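Peer 1: Provided herewith is a single structure, encoded as structure tokens, for subsequent inquiry.
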Amino acid sequence: MTLKWISVAAVGLATASATALLAWLVSPAAPGVAAVVFGFTALPFGAMLGWILIIAPVTADQTYTSGDSIESHWTTAASCGTATDLVTVLGLTLAVVAITRVDPPATLLLTGLLLAAFASFTGRYAFARYRALSE
């Protein structure tokens, strides 16, 4: 169990370091301060990500009602995950736009968001299908 908690800490530090590096690279003024602030801010979220990936128990599949199919369950799970991914993408995009002080066209941002939604849904659906069929 100690090795798992060390792995959680490593994931948290890696996430915080990657966030700090990104803030340092895109910050036009005071990159060191931006790197420290964003790195410390990302540390708890990185630790939570590590906990989810390494320690969180795997839950059993939900029971299906008679009208549901496995494909509809995969679609629902992929849609729910896509919503979370889009909120994350929007937050990171707004952070980069705020730090760099650029003014990208709205069409570019919305197209990127739409592509992120397609990629997230497709990836999550394919992963849910793969997990179910590989067992």
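Peer 1: Quick one: A132 ticks every box in (1) modelled with pLDDT of 90 or more; (2) farther than 25 Å from F38 by Cα except a single one, so which number is it?
Peer 2: (1)
Peer 1: Here is a check on your reading of the model: is A34 in contact (Cβ under 8 Å) with a residue 60 or more places away in the chain and either of a type in the set (S, T, N, Q) or in a helix (DSSP H, G or I) (or both)?
Peer 2: On the way: in contact (Cβ under 8 Å) with a residue 60 or more places away in the chain: yes; either of a type in the set (S, T, N, Q) or in a helix (DSSP H, G or I) (or both): yes.
Considered against the rule, which asks whether it is in contact (Cβ under 8 Å) with a residue 60 or more places away in the chain and either of a type in the set (S, T, N, Q) or in a helix (DSSP H, G or I) (or both), A34 comes out as yes.
Peer 1: I'd like the full set of residues that are open to solvent by less than 40 Å² (accessible area, probe 1.4 Å) and farther than 15 Å from T100 by Cβ, limited to region 33-46.
Peer 2: Our first condition is that a residue be open to solvent by less than 40 Å² (accessible area, probe 1.4 Å); within region 33-46, this holds for 34-35, 39, 42, 46.
Listed by number, the residues that qualify are G39, A42, G46.
Peer 1: Another question, if that's okay. Identify, by number, the condition in (1) assigned to a helix (DSSP H, G or I); (2) under 29 Å from L3 (Cα atoms); (3) modelled with pLDDT under 85 that V58 doesn't meet.
Peer 2: (1)
Peer 1: Ok, one more. Which of the residues that make up region 9-30 are modelled with pLDDT under 90 and farther than 16 Å from L94 by Cα?
Peer 2: If the condition is that a residue be modelled with pLDDT under 90 and farther than 16 Å from L94 by Cα, then A29, A30 are the ones that fit.
Peer 1: Taking region 1-17 as the region of interest, how many residues are open to solvent by less than 100 Å² (accessible area, probe 1.4 Å), under 10 Å from L43 (Cα atoms) and not β-branched (V, I, T)?
Peer 2: The total comes to 5.
Peer 1: Just one of (1) surrounded by 11 or more Cβ atoms within 10 Å (Cβ to Cβ); (2) over 30 Å from A29 (Cβ atoms); (3) without any contact (Cβ under 8 Å) to a residue 40 or more places away in the chain; (4) not small (G, A, S) trips up T93, so point out which.
Peer 2: Failed condition: (2).
Peer 1: If we scan region 53-74, do we find a residue that is more than 28 Å from R129 (Cα to Cα) and surrounded by fewer than 14 Cβ atoms within 10 Å (Cβ to Cβ)?
Peer 2: Let us first name the residues in region 53-74 that are more than 28 Å from R129 (Cα to Cα), namely none.
Within region 53-74, none of the residues are more than 28 Å from R129 (Cα to Cα) and surrounded by fewer than 14 Cβ atoms within 10 Å (Cβ to Cβ).
The values are calculated or read from the model by the stated rules, or taken from the named source; none is laboratory data. This structure is a prediction, so every number in the text was calculated from the model and none was measured. All Cβ positions, even for glycine, are placed from backbone atoms using ideal geometry, and neighbour counts span all protein chains on display. These accessible areas exclude ligands, DNA and RNA; they are computed on the full protein's heavy atoms, side chains included. Shrake-Rupley method; radii C 1.70, N 1.55, O 1.52, S 1.80 Å.
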